[in-house]
Amino acid sequence: MSRRICWAFCVLAASPLAAQDAGREAAYPSRHIRMICPFTSGSTLDVMARVVAERLTGALGHNIVVDNRPGANGVIGTDLVAKAPADGYTMLMTTGSFTGNQVLVRKLPYDTTRDFAPVTQIARSYGLALVVHPGVQANSVKELVALAKGRPGKLTYGSSGVGNITHLVGELFNTLAGVQITHVPYKGAGPAMTDVLGRQIDMTFVSTVFVQPFIRSGRVRPLALTGGERSPVLPDLPTFKELGYTQFEMTGWYGMWFPAKTPAARVSRIHGVMRAAVAAPEFKAKLDEFGLVGVASSPAEFAAFLRNDIALQTRIVKLAGIQPQ
């Protein structure tokens, strides 16, 4: 058989398989997709995940089911996705804890780079608001620092877990301000905020996504924002940089992943839907309401961002003197 005839035969034989593959991708998704949210129901991430799931459901014609799997600063839920079938029917939506865990957890049950297919960075925040309950005798960061220096180790701040950005900023504040405020880890932003409202702990660093009602009602007092610029939803709240903490700039973000080896066409399909969602006026209005900026980066751009964020968080951990656990 000549090479030309052999080549033609191979093409003809492969054509039905290629057609089947194309048909499967055109039909994707054909059933509901599970979105793993590795923090508690009612957390900042949970609120965002449900907004995103609703948008995806409308565009794809199949339900996106949010499945909360909290624990170990997101490691439990994230590991579940790492070990899920790479078929496009299990996705992960989480926060900067994804890269924070890479820096702070000595032995992760998964490989942050090898075991996931980045889809997109959905949005970023203007930073986290440092809030205290009204019983804390401090109306400014300057007053809080003075209070903390007079009571070393007595004041407490809550985080969403060891390695979460809400932990890192607290330790960074301790280092830059020269104070000792005790860290109390929780399984999500919701439980931490609940204990601030109940005056079980003194303060927390929290996303602008859901803190605004508590500020308006006077149940917490905001002191500063960790981002590099003021947030439109809290325009009167100064940044730490404005207050003289020039090395203090951290913002939160939300991203989406599939298990590694998920077909590129399915990754591209979900990215395309998210890109259209972020550009839609009604979705942008919701992000504006939360104090977030839409990103919708490509999978390649998101992968590069993740590498850079790991490097950034490594520097912050060293500056704050945090030891991996």
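Annotations
- Test result for residue 309, acidic (Asp, Glu), closer than 24 Å to residue 51 by Cβ and buried (at least 16 other Cβ atoms within 10 Å of the Cβ): yes
Let's see how each residue does on (1) under 23 Å from residue 304 (Cα atoms); (2) polar (S, T, N, Q); (3) assigned by TED's automatic domain parsing to the domain that holds residue 258:
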residue	(1), (2), (3)
63	no, yes, yes
69	no, no, yes
80	no, no, yes
94	yes, yes, yes
103	yes, no, yes
106	yes, no, yes
114	yes, no, yes
118	yes, no, yes
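- Unmet criterion (only one of (1) crowded, with 24+ Cβ neighbours inside 10 Å; (2) assigned to a loop (DSSP other than H, G, I, E, B)) for residue 114: (1)
- Any hit, the stretch 128-146, residues being touching a Gly at 6+ places or on another chain (Cβ under 7 Å) and crowded, with 19+ Cβ neighbours inside 10 Å: yes
- The residues of the stretch 233-272 that are assigned to a loop (DSSP other than H, G, I, E, B), touching a Gly at 6+ places or on another chain (Cβ under 8 Å) and farther than 30 Å from residue 174 by Cα, listed by number, are 262, 263.
Per-residue answers, yes or no, for (1) within 17 Å of residue 206 (Cβ to Cβ); (2) crowded, with 18+ Cβ neighbours inside 10 Å; (3) touching an Asp or Glu at 6+ places or on another chain (Cβ under 7 Å); (4) among the β-branched types (Val, Ile, Thr):
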{"site": "227", "(1), (2), (3), (4)": "yes, yes, yes, no"}
{"site": "246", "(1), (2), (3), (4)": "no, no, no, yes"}
{"site": "261", "(1), (2), (3), (4)": "no, no, no, no"}
{"site": "264", "(1), (2), (3), (4)": "no, no, no, no"}
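- Identity of the residue in the stretch 68-99, free of Cβ contacts under 8 Å to residues at least 40 places away in the same chain and in contact with a helix residue (DSSP H, G or I) (Cβ under 8 Å, 6 or more places away or on another chain), that ends up farthest from residue 39 (Cα to Cα): 75
- When 227, 161, 178 are screened for being farther than 19 Å from residue 249 by Cα and small (Gly, Ala, Ser), only 161 passes.
- Entirely in the stretch 1-102, the strands (runs of 3 or more DSSP E) that have 1 or more residues that are modelled with pLDDT under 95 and surrounded by 20 or more Cβ atoms within 10 Å (Cβ to Cβ): 90-95
- Residue check for residue 295: farther than 16 Å from residue 88 by Cα and at pLDDT 95 or above: yes
- Any hit, the stretch 285-296, residues being in contact (Cβ under 8 Å) with a residue 60 or more places away in the chain, farther than 21 Å from residue 126 by Cα and in a loop (DSSP other than H, G, I, E, B): no
- Restricting the stretch 298-325 to residues that are of a type in the set (S, T, N, Q) and assigned to a helix (DSSP H, G or I), the residue that is modelled with the highest pLDDT: 308
- Tallying residues that are over 15 Å from residue 255 (Cβ atoms) and small (Gly, Ala, Ser) within the stretch 290-325 yields 4.
The values are calculated or read from the model by the stated rules, or taken from the named source; none is laboratory data. Keep in mind the model is a prediction, meaning the values are calculated, not measured. No Cβ is skipped: glycine too gets one built from the backbone with ideal geometry, and neighbour counts run over all protein chains shown.
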